[in-house]
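J.: The structure under discussion is supplied below as structure tokens; questions concerning it will follow.
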Amino acid sequence: MSDCCSNQSPSVAQTNSGGSSKPLCPNCGEAGRPVSVVTLKHMVLPDFLEVVNKAGFLFCSTADCAVVYFHPVGETLEKADLRVRVGLKETADPVPVCYCFGFTERMLLEEIEATGKTTILQRIAAEMKADRCACEVRNPQGSCCLGNVKAAAKRAGQITGRITESLTH
Ligand SMILES: [Zn+2]
């Protein structure tokens with residue numbers, strides 16, 4: 001198992017003909033983050049396996065953009081083309097924040113509401129340490145979820161009004 005949580009972007013061949021500029025999502029105009037073919041293959045419905053079987057796809061992290069993945073030469077994949085719920089683009093439960101161990105925004109919210117803090121980050125860190133994460137094939141972004149979980153914990157702290165400085169400890 002490779003070290004999936006070291007925050008390395010997958011090395012993806014850039015086919016952008018424009019040169020140095022980052023490929024932008026054709027729907028929302030924001031820059032995408034490279035994802036590997038193996039990540040894509042785990043995310044899409046079988047009909048789209050052929051489409052994603054080439055390097056260069058990028059993930060769009062804009063919450064209200066329908067496009068999840070796009071390729072600089074034109075293909076796009078939306079939520080309906082995938083077999084997983086992309087937490088960043090969902091507002092209704094369940095909103096996944098950690099795909100390897102199944103934590104959702106609701107779980108964060110309920111724990112913070114009840115106790116004023118969350119142990120979920122520690123639990124994820126412990127699982128990572130035990131080499132049980134598989135972000136490359138479970139997280140639609142193909143990278144470690146911890147940044148998303150921290151952001152979700154912060155949001156949950158604000159929603160519940162129970163934000164404390166020890167939230168992430
Ligand atoms: Zn977009």
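The values are calculated or read from the model by the stated rules, or taken from the named source; none is laboratory data. Because the structure is a prediction, the values reported are computed rather than measured. As a convention, Cβ positions derive from the backbone with ideal geometry for all residues, glycine included, and neighbour counts pool all protein chains shown.
J.: Tell me, which residue of the range 85-117 that is closer than 20 Å to CYS135 by Cα and among the charged types (D, E, K, R) is surrounded by the fewest Cβ atoms within 10 Å (Cβ to Cβ)?
T.: Filtering the range 85-117 for residues closer than 20 Å to CYS135 by Cα gives 85-90, 94-105, 107-108.
Cutting the leftovers down to among the charged types (D, E, K, R) gives us 85, 89-90, 105.
Details: ARG85: 17, LYS89: 20, GLU90: 15, GLU105: 22.
In this case the residue turns out to be GLU90.
Here is a yes/no grid of residues against (1) polar (S, T, N, Q); (2) more than 17 Å from the chain's Cα centre (by Cα); (3) under 21 Å from VAL67 (Cα atoms):
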{"site": "ALA80", "(1), (2), (3)": "no, no, yes"}
{"site": "ARG85", "(1), (2), (3)": "no, no, yes"}
{"site": "PHE103", "(1), (2), (3)": "no, no, no"}
{"site": "LEU108", "(1), (2), (3)": "no, no, no"}
{"site": "LYS117", "(1), (2), (3)": "no, yes, no"}
{"site": "GLN122", "(1), (2), (3)": "yes, yes, no"}
{"site": "ASN139", "(1), (2), (3)": "yes, no, yes"}
{"site": "SER143", "(1), (2), (3)": "yes, no, yes"}
{"site": "THR160", "(1), (2), (3)": "yes, yes, no"}
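J.: Which of the residues that make up the range 19-67 are part of a loop (DSSP other than H, G, I, E, B) and away from the ligand (no atom under 15 Å from the Cβ)?
T.: Let us first name the residues in the range 19-67 that are part of a loop (DSSP other than H, G, I, E, B), namely 19-23, 25-30, 32, 35-36, 45, 53-57, 60-66.
Correct list: GLY19, SER20, SER21, SER36, LEU45, ASN53, LYS54, ALA55, GLY56.
J.: Which fully enclosed helices (runs of 4 or more DSSP H) of the range 99-169 have 2 or more residues being free of Cβ contacts under 8 Å to residues at least 12 places away in the same chain?
T.: Working: elements: 105-115, 120-129, 135-138, 146-160.
Here the list reads 105-115, 120-129, 146-160.
J.: What pairs come up if the first residue lies in the range 12-33 and is at pLDDT below 70, the second is of a type outside the set (Ser, Thr, Tyr) and not in a loop (DSSP other than H, G, I, E, B), and their beta carbons are under 9 Å apart, counting only those six or more places apart or on different chains?
T.: VAL12/PRO34; VAL12/VAL37; VAL12/LEU58; GLN14/PRO34
J.: Confirm whether CYS60 is in the same structural domain as CYS145 (by TED's automatic domain parsing) and touching a Ser or Thr at 6+ places or on another chain (Cβ under 9 Å).
T.: Numbers: in the same structural domain as CYS145 (by TED's automatic domain parsing): no; touching a Ser or Thr at 6+ places or on another chain (Cβ under 9 Å): yes.
Taking the combined requirement at face value, the residue does not satisfy it.
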